[in-house]
Amino acid sequence: MAEEKNIVVPDIGDFEGVEVIEIMVSPGDTINVEDPLVSLESDKAAMEIPSPLAGTIREVKIKIGDQVSKGDLLATMEVAAAESAAVAHQEAETAEPPEETPGATEPEQPPTPTPAPSRKPAADQRPPPVTPSPIDEAGFRKAHASPSVRKFARELGADLGQITGTGKKGRISRQDVTAFVKRVMTSATAGGGLGVAPMPEIDFSEFGDIETQPLTKINKLTGQVLHRNWVTVPHVTQFDEADITELEAFRRQLNKEHKDEGVRVTVLAFLMKALVSALKEYPRFNSSLDPGGENLVLKKYFHIGVAVDTPDGLVVPVIRDCDRKSLIEVANELIAVSARARAKKLSPADLSGGCISISSLGGIGGTAFTPIVNAPEVAILGVSRAQMRPVYQEEDGEFEPRLILPLSLSYDHRVIDGADGARFTSFLSKLLSDTRRLLL
């Protein structure tokens, strides 16, 4: 025979007036012992209140935003007679305790709430998944789903009100929630993240002939990383120029001298050696923020990533210990790693551990561009095609043709301010304009 029992807030410690942030059950839901009923959140933690009994929810007595304390009524439940005795322990414990009498025994403690992860993610916790829009609490409550599915959806940040159930009578299952989250994450990667509406689906064949080509795996992975870095790193780009007239003459001379050895020194090799000197002069550029954004990790090594254009997409292998290698050694390693990249023979170790990256478009063209920081690095140097220009010489008052290299430095503004960004490119320009400075 069924009996109606009250479900109240158990002992939740020293908390009073705790806010109800989620209601996980509705009238008519059948639940088991320890199934979550509601979530409460104080200024210190969030916690779930589990059910002490199995039965059917008859009426929910609270609403989201209410302030509750120990002993407050949460809901009424129909339970089997065999289960009703267990409620007496909870009701007795939440009532005012009687005066102690000799020989009295302490009553059994009621079930304690199961703490839920704090809504404020710590450094070692992952932030909640991206959702297309804030959860509509009214729609969430009306959705046809079991308490366990509601809890699962809440943990993933999925709005049940937007999910179409495939179960009996439209009931939402865990599989439905999982499929919904996958669709949301896919749209986020394509540009629908941060609450921005996803791109509209358009049938382009209505306007003419089309051809569909699948993205390569590298395209997909690169797109995900670049999208993440663009939306999470506050970018600033500093533009500058370097006079590399003497450097280019020296480079050509080196290649002639080492022609029989198969050595081919590029401007990129000079840039990498110059970057080592610049990183030593400005250590914040050779750092990374920790995951919590509270500390700066300063690196004592000098590994430089170089973007390589391959038939399948962009990859960024890393040349390690550039400070310990000669210009010729760096040039040879650049040739070798670029060949491995185009042959799809790079290992995971080849792509990790970079301090700063270089993206060079000098062999293609352009005058300037805004490279995207390769997080967790805090800066990336973009290089465009060098051009011969007339430059005014103050010493003799005449114009002289000089080879000018455009530089585009993007950096994480949380770590580097504009003044240091300008100092860095100015220092780098001086190094490239006079290769003797690399010896200092």
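The values are calculated or read from the model by the stated rules, or taken from the named source; none is laboratory data. As the structure is a computational prediction, the values presented were derived from the model and not from experiment. With ideal geometry, Cβ positions are generated from the backbone for all residues, glycine too; neighbour counts draw on all protein chains shown.
Check whether at least one residue in the range 335-351 is at pLDDT 95 or above and under 26 Å from D243 (Cα atoms), and report yes or no. Checking the range 335-351: not a single residue is at pLDDT 95 or above and under 26 Å from D243 (Cα atoms). Restricting attention to the range 272-284, does a residue exist that is within 22 Å of the chain's Cα centre (by Cα) and assigned by TED's automatic domain parsing to the domain that holds D420? Yes, the range 272-284 has at least one match. State whether one or more residues within the range 335-347 are hydroxyl-bearing (S, T, Y), more than 23 Å from the chain's Cα centre (by Cα) and assigned by TED's automatic domain parsing to the domain that holds R228. Yes - at least one qualifying residue is present in the range 335-347. Which one of P317, P311 is buried (at least 20 other Cβ atoms within 10 Å of the Cβ) and more than 19 Å from I416 (Cβ to Cβ)? None of the other options fit; the residue is P317. Quick one: which residue in H227, H258, H235 is surrounded by 15 or more Cβ atoms within 10 Å (Cβ to Cβ) and more than 26 Å from D290 (Cα to Cα)? Going through H227, H258, H235 in turn, just one is surrounded by 15 or more Cβ atoms within 10 Å (Cβ to Cβ) and more than 26 Å from D290 (Cα to Cα): H258.
Here R414 passes the criteria (1) touching a residue at least 60 places away in the same chain (Cβ under 8 Å); (2) surrounded by fewer than 15 Cβ atoms within 10 Å (Cβ to Cβ); (3) closer than 30 Å to E261 by Cα; (4) in contact with a Pro (Cβ under 9 Å, 6 or more places away or on another chain) except the one numbered (3). Candidates are the residues of the range 417-439 that are touching a residue at least 60 places away in the same chain (Cβ under 8 Å) and of a type in the set (A, V, I, L, M, F, W, C); the one that is farthest from A249 (Cα to Cα) is A422. What do you reckon, is R284 in contact with an Asp or Glu (Cβ under 9 Å, 6 or more places away or on another chain) and among the charged types (D, E, K, R)? Yes; evaluated as a whole, the condition is true for this residue. Among the residues of the range 123-138, the one identified as outside any loop (DSSP other than H, G, I, E, B) and either touching an Asp or Glu at 6+ places or on another chain (Cβ under 9 Å) or at pLDDT 80 or above (or both) is E137. Kindly provide the set of residues from the range 328-359 that are surrounded by fewer than 17 Cβ atoms within 10 Å (Cβ to Cβ) and either in a helix (DSSP H, G or I) or in contact with a strand residue (DSSP E or B) (Cβ under 7 Å, 6 or more places away or on another chain) (or both), ordered by number. I328, E329, I335, A336, A339, R340, R342, P348, A349, L351, S352, G353 - these are the residues of the range 328-359 that are surrounded by fewer than 17 Cβ atoms within 10 Å (Cβ to Cβ) and either in a helix (DSSP H, G or I) or in contact with a strand residue (DSSP E or B) (Cβ under 7 Å, 6 or more places away or on another chain) (or both). Taking the criterion of being of a type in the set (V, I, T), out of contact with any His (no Cβ under 8 Å at 6 or more places or on another chain), assigned by TED's automatic domain parsing to the domain that holds S384 and at pLDDT below 95, would at least one residue in the range 243-252 satisfy it? For the range 243-252, residues of a type in the set (V, I, T), out of contact with any His (no Cβ under 8 Å at 6 or more places or on another chain), assigned by TED's automatic domain parsing to the domain that holds S384 and at pLDDT below 95: absent. Tallying residues that are in contact with a Phe, Trp or Tyr (Cβ under 7 Å, 6 or more places away or on another chain) and buried (at least 18 other Cβ atoms within 10 Å of the Cβ) within the range 393-405 yields 0. Give the residues of the range 297-327 that are at pLDDT 95 or above and in a strand (DSSP E or B), sorted by residue number. Correct list: V297, L298, I304, G305, V306, V318, I319. Does E248 meet the test of being outside any helix (DSSP H, G or I) and in contact (Cβ under 8 Å) with a residue 60 or more places away in the chain? When the stated conditions are applied, E248 does not pass them. Residue count for the range 139-186 satisfying the condition of being in contact (Cβ under 8 Å) with a residue 40 or more places away in the chain and either part of a loop (DSSP other than H, G, I, E, B) or outside the structural domain of G28 (by TED's automatic domain parsing) (or both): 1.
A331 falls short of the stated requirement of being closer than 28 Å to P234 by Cα and touching a residue at least 40 places away in the same chain (Cβ under 8 Å).
Considering (1) modelled with pLDDT under 95; (2) of a type outside the set (K, R); (3) in contact with a Pro (Cβ under 6 Å, 6 or more places away or on another chain), the lone condition that V231 does not fulfil carries the number (3).
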